[in-house]
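No lab work stands behind these numbers, since they all come straight from the coordinates. Treat the numbers as computed from the prediction; the structure is a model and nothing was measured. Virtual Cβ from ideal backbone geometry, glycine too; neighbours counted across all protein chains shown.
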């Protein structure tokens with residue numbers, strides 16, 4: 001959704017238009033859910049957090065400032081709620097290793113080739129991403145998946161942009177370490193994957 | 001450029017931050033070094049998966065409907081206190097007008113038989129016009145609230161709404177002690193607040209938040 005149409009919809013929603021807010025929900029729900037799901041790795045919890053984030057965004061529309069993109073503001077709300085949820089999960093002793101949760105979730109992608117090499121690459125990649133800290137994982141997802149700048153990610157995480165760069169750098173170092181351990185022997189297959197299966 | 005230097009520039013290359021001669025040197029090294037080619041290919045493949053892999057399960061079909069239902073419920077809850085306070089003020093304005101007409105103005109004074117307000121806005125204007133009685137209502141409400149809080153009694157939500165409208169500052173956490181309003185008759189509460197003999201008006205500067 002373009003910035004201009006976002007601004008127009010938000011302005012209408014601020015004036016009380018529920019239809020305008022519905023359009024914003026429809027525009028961002030998939031992206032927001034994918035982001036939250038990758039942090040929580042639980043379908044129902046992710047839907048609840050997303051719903052709560054949208055309702056919170058609606059309640060706080062008066063405090064939204066157009067100096068930020070609406071997506072940045074929405075993802076900020078969702079991220080804070082994810083953090084609260086993860087803390088509660090940890091406090092009640094119910095936290096599982098994120099990598100375990102991720103591996104128990106059913107695969108839903110229909111876009112990648114179903115080859116063994118593609119599945120292995122995805123397993124390794126998402127296993128490595130799941131092993132990052134919450135801040136590093138969030139920075140990676142927002143930077144590479146949502147195309148957010150370091151400044152915008154800093155706004156969402158509540159940290160300086162230079163810290164975001166540091167998170168990204170450390171995340172890539174960790175990912176590189178995992179790949180060099182897990183995938184060196186599959187390099188030839190990786191070259192083929194990069195060219196065909198991931199398009 | 002050697003491998004150690006090239007490895008340190010991989011991050012910058014992935015971020016598109018290499019430029020000029022540094023970028024040319026990096027590209028030249030990459031072309032002749034299998035190890036750096038491998039590392040770069042793995043990182044590019046990884047980031048491609050992160051950026052484009054749709055591995056999240058599908059969102060429920062009724063997700064938007066559920067969000068909008070929750071939004072609608074929030075709007076209904078937020079409207080209720082405002083309607084209640086508005087209703088209270090209308091009732092207060094009507095009774096106040098009657099009280100002022102009978103006690104201070106008298107039947108012979110001009111404007112004694114004030115007409116009932118036609119609208120909420122008009123009622124508010126008329127209440128504001130009777131400053132002395134307004135101050136008395138304010139004092140009476142403050143006294144009733146202070147008594148309820150001191151005795152540890154729940155404070156009716158309509159009184160809290162009226163306090164808010166009259167700019168009376170309540171202690172923190174008072175909302176948690178409010179009662180449902182169905183059992184309270186706002187007019188009977190108001191009658192109890194209007195004293196038979198007007199006490200000396202409180203010397204409170206205009207526009208200041210009154211404290212209990």
Within region A:42-61: backbone nitrogen closer than 16 Å to the residue B:164 label point (7 Å, Cα to C-beta): A:59-60
Cα-based shape type of region A:1-54, given that a ≥ b ≥ c are square roots of the gyration tensor eigenvalues and the cut on a/c is 1.5: prolate
Burial order of peptide ranges B:48-59, A:34-45 (average beta-carbon count within 10 Å, highest first): A:34-45, B:48-59
Convex hull volume of region B:2-42 per residue (C-alpha atoms, cubic angstrom): 57 Å³
Efficiency of FRET between residue A:68 and residue A:180 - r from beta-carbon atoms, R0 35 angstrom, step 0.05: 0.40
Pair residue B:19, residue A:88: separation of 7 Å Cα→Cβ label points (nm): 4.7 nm
Gain upon complete extension [residue A:120, residue A:161; 0.36 nm per residue less C-alpha separation]: 11.4 nm
Exercise: per-residue mean of other protein chain Cβ atoms within 10 Å, A:55-61: 3
Shielding by partners, peptide B:66-74 (average Cβ within 10 angstrom, other chains): 6
Peptide A:132-142, shielding by other chains (average Cβ, 10 Å cutoff): 1
